[in-house]
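Here is the structure we will look at, set down as structure tokens.
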Amino acid sequence: MQIFTPSADTRLRLFVSVVIVLILGSLAFLSGHAESSFATKRGWVQEQPVPFSHEHHVAGLGLDCRYCHASVENSAHAGFPPTHTCMTCHSQLYTDASELAPVRQSMAKNLPIRWNRVSALPDYVYFNHSIHIDRGIACVECHGRVDRMPITFRAKPFQMEFCLGCHRDPAPHLRPPNMTTVMDWGDWQEKHPEYGAEAMAAHNIEPEKLVSCTTCHR
Amino acid sequence: MTGDKDLAMLKERLAGRRGRAFWRGLDDLSSTPEFRRFLTREFPALEPPPSGPSRREALKVMGASLALAGVAGCDGVPDERALPYVKAPEFALPGQARHYATSVTMGGFAQPVLGETHEGRPTKLEGNPHHPASRGATDAFTQAAILGLYDPDRSQTPRERGRPTDWQAFEAAAISAAAQAKAVDGEGFRILIGRSTSPTLARQLAAMRAAMPKARWHEFEPVDASGYEASRIAFGRPLEQHFRLDEAEATVCLDADILGPGPRQVLHARQWSARRAGFQNGVGECRLLVAEASPSLTGVTADRRLIAEPHRTEALAAAIGFALDAGGDGNIPLSTEETEFVRAAAAALLRRRGRSLFIVGPAQPASVQAIALRVNQRLGNIGRTVQFTEALAVLPSQEDSLAALTRDMAAGRVTTLAILGANPVYSAPADIPFAAALARVGTVVHAGLHYDETAAQAHWHAPLLHDLEMWSDGRAVDGHAGILQPLVRPFFGGRSPHRLLQILLGDLDTSGYEMVRETWRETASGGDFEEAWSAALLQGYVEDSAPAPLSPVPDLLENSSAPQRQAVAAGAPLTVEFRPDASVWDGRFANNAWLQELPRPLSKLVWDNVIQISPALAREQGLSDGDIAEIRLGGRTIDGPVSVVPGQAARTLTLTLGYGRTAAGQVQEKVGFDVYPLRTSGMAAFAEGASLHPTGASMKLATTQLHFAMEGFDFIRSVTPEQVTEGAASKQAEHPSLYTDYPQGSPNWGMSIDLDVCIGCNACVSACNAENNIPMVGKDQVAKGREMHWLRIDRYYEGRPDNPRHHFQPVPCMHCEQAPCEMGCPVNATTHSPDGLNQQIYNRCIGTRTCSSFCPYKVRRFNWFDLTGNDPPSVQAARNPDVTVRDRGVMEKCTYCVQRISEARIAAKLEDRSIADGEVLTACQQACPTDAIVFGDITDPASAVSRRKASPRDYSLLEEANTRPRTTYLARIEKEGK
């Protein structure tokens, strides 16, 4: 007596191959998704209460990064400018601009402006700005050409791979510490091929220690 | 499981063992099948619940969660807001912690701290290294005080007869009551305060006395360890007694827990360890002889401990007094053991005349304490190992202060009563009908941190500010005055006690800040006040503010030897002893989960109090751990679970205060039983004539004693003094290993823990809780072995169960060079760093728990649940932002405070220098009052930790496992070393 129908084998094969395709497909999708700008938010513009233009303030007016992000050299956090900092200029300039209403309100009501973070890191990652600036990692390395961003977006993926790339081989990314806020480095690498290695030696930077887990995770 | 053990059988078992036998508890020693099963399971937590899911059901659930795991992985980084300041405060540096010197009060005394704040949010209290009383050390209470600040159950609004009202109404009522009182010169106006040493409070008291000459002040402190009453008998006035344990080469304590929990623990522990360090280096002796009823930290640290029922202390003190020619009657009947102890104690004291110390504890009647004063005078110790100053308390209490107030209240002589920072309805002695008398008072105003038992019976209640929110002042135990400065604006808008008193004086405007400044402006002797004020705020204490020791010491009064104690009631079988609790003290910390879950130093019990009974009594009554028994004493009864305590006096029941509260908050709901109903004013420390009656019921107690037990031997080692000086204890050569050696770059971190000075006080565990965001799990989970403390203090017994020797051993992660956990982890979530740390990476961990099963030291903890996500927002605000808050399903463990190493490393790199020795202090090391824990760079031969590890006493735990741990121990120094 026949237990299985003649098509049973075909159906089983079909089922198994569908399962395999589904598994492979979802794996491919997941890895692609993780790398995609949808997951990393790279290039995505965040809505902000005030449409602040880094392009205008940096490229147009030539303001130094540290004018607003004042604690970048001394603290783990670069710091957001207090409303007072905005008002040093905007109590005189564009005093009626409707875009600046949230700033004036913040000042009047003594309530902070609620910015949406662009360069947020997960809570288990501890990044310290001061030591990176001190060793000569330029702002542009991670934050991109903010002088070309009318509205700020995330320029780099901020995945672990991105951080490790530099921690494994810091030399090509090192710049003179007093020039870290420079945006356009042009052909610096070609002109100063030795600088990275020299800086590594001068500061005793040991990449094998930089890739230790607790450098960033605690 | 315990009580019916046959002592003879246990002794036989011990006799059969070879080598040095340690046991963790009575269950261990008796090796019942139940205990064996318990021990062989590496984690007791793994036991399936009796009615739990079957394997099939579990697999089904697992399948579902696996399917969902991918979905959870799709979450990106959630959008976050960034809220900058509107106007940045001066010197504010976001991301950089700031420290302010201040104090928190404990039993009226200021405990000096440096408060760490992140963006204005206090997160950790460190000891103040500049303060002469603590030199940077703290105790477990001080470390947990930060959680008290964030306690969501704190009172948040004034109340009138229980109904929330506003401050205007409260102030109007207070002013009108005060005005009425002033009109009659304060007749019927009474104020009751908890103990305080605040000079500002003293100044306000004087002002109030001037304004209302007939008003009266009363002081009530449930646990009074001041000894004021004894000095009143001996010298005619209350004096503060200061011991100099660092000068005392021989100390004899009778019923005195000088190293135990309390305001003076840090000072005493620091002094004792200084003396011990001298002894270790061959300078002088460090003898400690203790007679006590229930094992205390002092008793188990002593090199000779006599078990003595509380009422025998008087005879012992008198015998020692007689032996040292300090008067008294030589005709005292003593047992053989007691005679031997007295002889040894007298000899030790006499041999070190002028450098010895005789202490009778504050639990004893004042007349017995006075014997100690006479002995010390006889030996020439006064002015050297014991000094006297004027009393530090604002109102050095008369013993009958509360009783007198209650009498007046009952007689209707009190029209207005203000209670500040005291909770007498809960903690008043049972023979003082305070609560009943309260009903006869016209207006009762209560001010406290919580809406507590007393507040519920008051007409008005006002929330007090926490010490970290207000301007105040207070004296540390060494007498130095310190300014309490706020670390943060008040969360709930309370008032400081100074403000409230000022309101009663009719002054609504003067701020606490101005009041405290005014006090110190008055006392400033010339010079620039502003400069002195800034200096005091900066260093945490006022220079030269400690009262000078009295010299010469006033003469002892002649009649001071008159015995005052009542004779022992005939036919009284048992003695009940009352002790403050090592976790909740007198009940004030009942709502602090960190303290509730802190294993008690000796019993390792959490979330409960017990009736401590001796193994002999347990056997006699057929009781074992957790059985509920009733105590009858003088017509009053209470019942609670018993715990069998090796080393407990046979006929003494020890009870701890502070449990069974009815109105302290959510944390302590249904926790423990109240023992105050047994405690009467004449017998606040112990009472004779009790009886114990088993009820037949029993309950589960949660202790951590048997959790995370290691397999092996020689956990505790000791050497003889001779071996130390000869350096004879040879270190074993390193065993060969199949694994590659880790590179020894500089710095490379290591730790050394000196078991010779560890007193098991828990300060390190409490500090670790605060620093590393350790979640609390509750009693049920602790009972399953799921407590999360990264640092545990193992307690071992040695010797006979009725009088064993105790050993403590703090066990953090060993940071093994050849770490088994690293070999076990399938996903490389635990790895080794170039600076010698065994790293645990939470975001990589998938929770297989392999590492934990591989760890021979059992120091890894697993998050079985999301233990942190549902915490109230205020508790979440207490967390250290430099340490990841762990999620469900990941393993965690001691990191050597890697966040502190990182901070120091970055600071050093910014200045292009190397990290100095002592720059990185782990939280446990920072808090330790005896310097038992030293941490540092082991590649630097000059570092403190390298010098420790070079000692002949240095040894590794489970050396035979060849894991090459970076945490090593220094052996105890004992007369009979092994």
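A short reminder: the numbers here are calculations on the coordinates, not readings from a lab. These figures come from a predicted structure and were not determined experimentally. We place every Cβ from the backbone using ideal geometry, glycine too, and count neighbours over all the protein chains shown.
A few comments on the model shown:
- The stretch A:1-156 shape via C-alpha gyration tensor axes, a/c threshold 1.5: prolate
- Restraint check, B:LYS604/B:LYS784; B:LYS670/B:LYS893; B:LYS700/B:LYS784; A:LYS41/A:LYS156; B:LYS949/B:LYS975; B:LYS670/B:LYS700, Cα-Cα greater than 20 Å: B:LYS670/B:LYS893; B:LYS949/B:LYS975
- Globularity ratio of chain B, using Cα Rg and 2.2 N^0.38 Å: 0.94
- Gaussian network model of chain A, Cα within-10 Å springs - most flexible of A:GLY60, A:GLY43, A:GLY25: A:GLY25
- Highest GNM mean-square fluctuation among A:PHE38, A:PHE158, A:PHE29, for chain A modelled with Cα contacts below 10 Å: A:PHE29.
- Charge dipole (debye, nearest 20) of chain B; +1 at Cβ of Lys and Arg, -1 at Cβ of Asp and Glu: 1320
- Dipole of chain A, positive end: most advanced residue of A:GLY136, A:ILE3, A:CYS89 [Cβ charges, Cα centre]: A:ILE3
- If you take the Cα centroid of the stretch B:574-603 and the Cα centroid of the stretch A:65-132, the two points sit 48 Å apart.
- Remark: relative contact order (chain A) = 23 percent; criterion is Cα-Cα distance under 8 angstrom and separation of 6 or more residues.
- Cβ-Cβ distance of A:LEU22 and A:GLU206, R₀ of 30 Å, FRET efficiency by 1/(1 + (r/R0)^6): the value works out to about 0.05.
- B:ASP431/B:SER698 FRET efficiency (R0 30 Å; Cβ-Cβ; nearest 0.05): 0.45
- Segment A:GLN159-A:ALA97, length gained on full extension (0.36 nm per residue, minus Cα span): 18.5 nm
- Counting, for every residue in A:123-131, the Cβ atoms of other protein chains within 10 Å of its Cβ and taking the mean gives 6.
- Within 10 Å of each Cβ in B:899-906, the average number of Cβ atoms from other chains: 3
- Cα-projected label distance for B:ARG163 with B:ASP741, points at 7 Å along beta-carbon direction, nm: 8.0
- FRET efficiency estimate (nearest 0.05) - Cβ-Cβ, B:SER691 to B:ALA650, R0 22 angstrom: 0.90
- Gain in span if fully extended, B:LEU537 to B:GLU620, counting 0.36 nm per residue against the direct Cα distance: 24.0 nm
- Gaussian network model of chain A, Cα within-10 Å springs - most flexible of A:SER53, A:SER17, A:SER119: A:SER17
- Three principal axis extents describe the C-alpha atoms of the stretch B:228-390; from largest down they are 42, 38, 28 Å.
- By the beta-carbon count within 10 Å of each Cβ, the least crowded to most crowded order of B:VAL885, B:VAL667, fewest first, is B:VAL885, B:VAL667.
- Working from label points 7 Å from Cα in the Cα-to-Cβ sense, the B:ALA411 to A:LYS191 distance is 9.6 nm.
- The protein assembly as shown, dipole about Cα centre (Lys/Arg Cβ +1, Asp/Glu Cβ -1), debye to the nearest 20: 1800
- Other protein chain Cβ atoms within 10 Å, averaged over every residue that makes up B:836-848: 3
- Gained length - B:ALA877 relative to B:ILE906, 0.36 nm times residue gap less alpha-carbon distance: 7.9 nm
- Around the Cα centre of the stretch B:851-978, unit charges on the Cβ atoms of Lys, Arg, Asp and Glu (plus for the first two, minus for the last two) sum to a dipole of about 380 debye.
- Kirkwood-type radius of the protein assembly as shown, with distances r between different C-alpha atoms, in Å: 33.2
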